[in-house]
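Novice: Quick one: this structure, given as structure tokens, is what I'll be asking you about.
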Amino acid sequence: MKEKLNDNLKSGLMYFYIHFVTEIICFFALERYIGDRPLIWIIFLSYDMFAFVPQAIIGRFSDRYPKIPLGTAGMVLLGVAAAAFDHIKNPFVSLAILCLGNCLVHVNGAEATLRTADGKLSGSAIFVSGGSFGVVTGRILGKTSMSFRLLIILAATALPLTILTRKYIHEESKLFSEQCKPFRYAKSGVGKELVIIMSVTIVAVRGFMGYGIPTSWNKTVMQTVLLFSFMGIGKALGGIFADRFGFRKTAMLSTAFAAPLLMAGDHHMTISLLGVMLFSMTMAITLGILVSVLTETPGLAFGLTTIGLFIGTAPVFFFKFITLKANCIMIAGLSIICLVFMWIIIRKDEADE
């Protein structure tokens, strides 16, 4: 048990860096190569759709053929994309290469951290959290004169780690179909379909609130860095706290305490950051619930979370609530929905049973 957990944390830390590099490459390219074009929102929406939605299909493929090194292939694609950006004139060709590489790396990161977890969430939560730091770093660097060649170097540093993490999966004594059996967070007696629908809805809510909540205080680069950093910290703490203090307690308390902080944080940075951090904890929570009912297909389970994320973020491209009253109603209403769904589908922590 201890050795497996150590392997899981190693995988999580390595994939934190791999994920960090992946998002730097993607968002550097979006800011530099695509950012000044007309109808930019369509390009960013297309990127979100093709980077998020296909992960369920790729995840299912990875579940069936877990020995195929998708993460390594994805990092190679990202390196190729970085090398070719100055020579590709059509932005949608660039977008396609980025999205495919992004999908492959994400799915393999989920497989590597879930299959070695023994029912724990810390490794997967640490892996997922790296993306938030990579997004803001890539956006900032994309506005500088930094060469695409440095992205190739970054991809080269992450490539060996995609190979190294695979040894932890394949050194497992269990069959691939048995590796995620210890995930037991979903309440017994609740139908699998209902668990999936409610979990994906919670992810969608988190996506919408994460990008749609009012942050009038966010006016400088440093404040943007803090916003994304607290998102990343929250994602990591969600899994760590769930393992340490209990899955259900972490899910319910983080959501309940996040709501008033988000409502009061529009003009108050510290309050807002704490609210964002708390609500971001639900990412690891929902992944754990989905894997609990899809133990033989953890790649598909992870892909369902990215579909939920797209469903939640897509509306932000078209509208946002403007007034304080509307935002408070939105945050309160969506938080209540999440709490009710969690109460329905999450089993009690072992200490409470």
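What follows draws every value from the coordinates through simple rules; no lab data is involved. Please read these numbers as outputs of a predicted model, since none were measured by experiment. Every residue, glycine as well, gets a Cβ built from its backbone with ideal geometry; the counts of neighbours run over all protein chains shown.
Novice: Could you work out, for segment 65-180, what percent of all Cα-Cα pairs fall into each 10 Å distance bin, beginning at 0 Å and stopping at the bin that holds the largest distance?
Specialist: Taking every Cα pair in segment 65-180, the percentages come to 13, 40, 30, 13, 3.
Novice: If I take R0 = 35 Å and measure r between the Cβ atoms of residue 150 and residue 68 in this structure, what FRET efficiency does the formula 1/(1 + (r/R0)^6) give, to the nearest 0.05? Walk me through the numbers before you get to the answer.
Specialist: Values: r = 29 Å, r/R0 = 0.84.
Efficiency, from the Cβ-Cβ distance: 0.75.
Novice: Residue farthest toward the positive end of the dipole of segment 194-353, with Cβ of Lys/Arg at +1 and Asp/Glu at -1: which of 297, 240, 268?
Specialist: 268
Novice: Could you give me the radius of gyration and the Dmax of segment 121-181, taking only the C-alpha atoms into account and expressing both in angstrom?
Specialist: In Å, with Rg to one decimal and Dmax whole: 16.4, 49.
Novice: So what does log10 I(q)/I(0) come out to for segment 143-281 at q = 0.10, 0.14, 0.17 Å⁻¹, using the Debye formula with one equal point on every Cα and no solvent?
Specialist: Taken in order of the listed q values, log10 I(q)/I(0) reads -0.54, -0.93, -1.09.
Novice: I would also like to ask the following. Placing +1 on the Cβ of each Lys and Arg and -1 on the Cβ of each Asp and Glu in the chain, which of 343, 209, 104 has its Cα farthest towards the positive end of the resulting dipole?
Specialist: Among 343, 209, 104, the one farthest towards the positive end of the dipole of the chain is 209.
Novice: Another one. Peptides 13-25, 176-188: what's the order by average Cβ count within 10 Å, highest mean first?
Specialist: By packing density, highest mean first, the sequence is 13-25, 176-188.
Novice: Also, I was wondering about something else. Let me spell out the model: positive unit charges on the Cβ of Lys and Arg, negative unit charges on the Cβ of Asp and Glu, origin at the Cα centre of segment 153-298. What dipole size does that give, in debye rounded to 20? Before the final figure, lay out each step's value.
Specialist: On the way: 13 positive and 7 negative charges, 39 e Å.
That gives segment 153-298 a dipole magnitude of about 180 debye.
Novice: Report ³J(HN,Hα) in whole Hz for each residue of segment 240-251, in order, from the Karplus equation J = 6.51 cos²θ - 1.76 cosθ + 1.60 where θ = phi - 60°; Gly and Pro get x.
Specialist: 5, 5, 4, 5, 8, 10, x, 5, 5, 4, 4, 4
Novice: Rounded to the nearest 500 deg cm²/dmol, what is the calculated helix-only ellipticity per residue at 222 nm for the chain, with -39500 (n - 2.57) per DSSP H run of length n ≥ 4?
Specialist: -24500 deg cm²/dmol
Novice: In addition: Listed highest first by mean packing, meaning other Cβ atoms within 10 Å per residue, what order do 289-299, 109-119, 43-53 come in?
Specialist: 109-119, 289-299, 43-53
Novice: Considering Cα pairs under 8 angstrom that are at least six residues apart, work out the relative contact order of segment 61-137 and quote it in whole percent.
Specialist: About 31 percent, as a whole number.
Novice: Please name which of 43, 130, 22 has its Cα lying farthest along the dipole of the chain towards the positive end, using unit charges on Cβ (Lys, Arg +1; Asp, Glu -1) and the Cα centre as origin.
Specialist: 43
Novice: Read through the labelled values [x] 122; [y] 213; [z] 179 and report the label of the one computed as volume of the Cα convex hull per residue in Å³ from the structure.
Specialist: [x]
Novice: Here is a further query. For the chain, with only Lys/Arg (+1) and Asp/Glu (-1) charged at the beta-carbon, what is the dipole magnitude about the Cα centre, in debye rounded to 20?
Specialist: 120 debye
Novice: Which pairs, out of 325/348; 67/120; 181/348; 10/143, put more than 27 Å between their alpha-carbon atoms?
Specialist: Those over the limit are 325/348; 10/143.
Novice: Rank-order 303-314, 241-252 by packing density, defined as the average count of other C-beta atoms within 10 Å over each peptide's residues, highest first.
Specialist: For the peptides 303-314, 241-252, the packing ranking is 303-314, 241-252.
Novice: Please give me the summed charge of the neighbours of residue 254: other residues whose Cβ is under 12 Å from its Cβ, Lys and Arg +1, Asp and Glu -1.
Specialist: It works out to a net charge of +4.
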